[in-house]
Amino acid sequence: NASERAKKVEDMMKKLWGDRYFDPATGKFSKSATSPDGKKLPRTFCQLILDPIFKVFDAIMNFKKEEAAKL
């Protein structure tokens, strides 16, 4: 329902901002910049929002048609 969806969006917004990190190996969010195995993790916003935007921008600006089509 709508209130549950709004709650999920609100929770995700909190995870995107500040010193929050996402570990793709475990699929979990963390307040620690290192994973349990010692790997350095990028901030959630950078990993899930900025990096994909930069990849699209780079593919388009450098005429990488095949890569841009995949994105």
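Taken together, the values in this text are just the output of simple stated rules run on the coordinates, not laboratory data. None of these values were measured; they are calculated from a predicted model. Note that each Cβ is placed from the backbone with ideal geometry, even for glycine, and that neighbours are counted across all protein chains shown.
Filtering the range 52-71 to residues that are surrounded by 12 or more Cβ atoms within 10 Å (Cβ to Cβ) and either touching a residue at least 40 places away in the same chain (Cβ under 8 Å) or acidic (Asp, Glu) (or both) leaves 58, 67. When the range 18-40 is filtered for residues that are surrounded by 16 or more Cβ atoms within 10 Å (Cβ to Cβ) and out of contact with any helix residue (DSSP H, G or I) (no Cβ under 8 Å at 6 or more places or on another chain), the ones remaining, listed by number, are 23, 30, 35.
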